[in-house]
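Enquirer: The structure under discussion is supplied below as structure tokens; questions concerning it will follow.
Where a number appears in this text, it was derived from the coordinates with a stated rule and is not lab data. All values derive from a computational prediction rather than experimental measurement. Note: ideal-geometry Cβ built from the backbone for every residue, glycine included; neighbour counts use all protein chains shown.
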């Protein structure tokens, strides 16, 4: 389960970096939410990525003692 979440974090990181690069490159339409101004759309998009990552890590923190400590520390470092 942790290995799968670790892969998911890598996907979210890549997605965030692609969105950030497209915004900085002037391709705002690729990232923003519909019906919102560009900056507000970018903020809501980034918040949605963060909320998708936050749910599982909160549950993992509650059961931290049941997981491999080294892998869990790697995941926490990647999450932050």
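Enquirer: Arrange 72, 67 by Cβ neighbour counts within 10 Å, fewest through most, would you?
Expert: Neighbour counts put them in this order, fewest first: 67, 72.
Enquirer: Okay, moving on. In nm, to one decimal, how far is the modelled label at residue 15 from the one at residue 3, with both set 7 Å along Cα→Cβ?
Expert: 2.2 nm
Enquirer: Related question: Please report the orientation-averaged projected area of the chain, defined via the convex hull of its C-alpha atoms, in nm².
Expert: Dividing the Cα hull surface by four gives the mean projection, 5.6 nm².
Enquirer: Would you mind checking the tilt of helix 2-24 against the longest principal axis of the Cα atoms of the chain, expressed as 0 to 90 degrees and rounded to 10?
Expert: Computed tilt is about 20 degrees.
Enquirer: Hey, what number do you get for the chain at 222 nm if only DSSP H runs of n ≥ 4 count, each worth -39500 (n - 2.57), divided across all residues, to the nearest 500?
Expert: Helices in the chain give a 222 nm mean residue ellipticity of -25500 deg cm²/dmol.
Enquirer: Provide the gained length on full extension for the span residue 61 to residue 78, in nm with one decimal, where the gain is 0.36 nm per separating residue minus the Cα-Cα distance.
Expert: Extending this stretch completely gives an extra 4.7 nm.
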